[in-house]
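The values are calculated or read from the model by the stated rules, or taken from the named source; none is laboratory data. Everything quoted here is computed from the prediction, not taken from an experiment. Here the Cβ is made from the backbone with ideal geometry for all residues, glycine too, and neighbour counts use every protein chain on show. The area values use the complete protein model at the heavy-atom level, side chains included, leaving out ligands, DNA and RNA. Shrake-Rupley method; radii C 1.70, N 1.55, O 1.52, S 1.80 Å.
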Amino acid sequence: MSPVVDVHCHTFNADDVPVRGFAHGLFLHDVPFGDRLARLVDLLVQGAARSHADDVVRLQALLRPDTGNEAQELAAEGARVAFEREVDIAMAEVEQR
């Protein structure tokens, strides 16, 4: 039986992640005023985050470029082909081990 590797990625908008708790728990728990600094980091990150609706529009444009711009569509297809080739090479290396 060949080994199988599940390769996937989760991307999150800063609005989806509890930044305050993350920053405080990992970096600022031993720092004076760490909770206040974590709250400030959270406010800054949340303020810069795109909204869910903006993310959806952007992701749809990246995944399905229906712009009619042939050059953009060719570039997107080239990127998909290059990615698939990288995955094939990586899988071949895993199978050799």
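General observations
- The residues of segment 6-44 that are aromatic (Phe, Trp, Tyr) and within 30 Å of Val94 (Cα to Cα) amount to a single one, Phe12.
- Residue match in segment 13-21 (condition: more than 29 Å from Leu59 (Cβ to Cβ) and not charged (D, E, K, R)): no
- Taking the criterion of being in a helix (DSSP H, G or I) and surrounded by 13 or more Cβ atoms within 10 Å (Cβ to Cβ), the residues of segment 1-29 that qualify are Ala14, Asp15, Val19, Arg20, Phe22, Ala23, His24, Phe27, Leu28.
- Number of positions in segment 39-86 that are at pLDDT below 75, open to solvent by less than 80 Å² (accessible area, probe 1.4 Å) and not in a helix (DSSP H, G or I): 3
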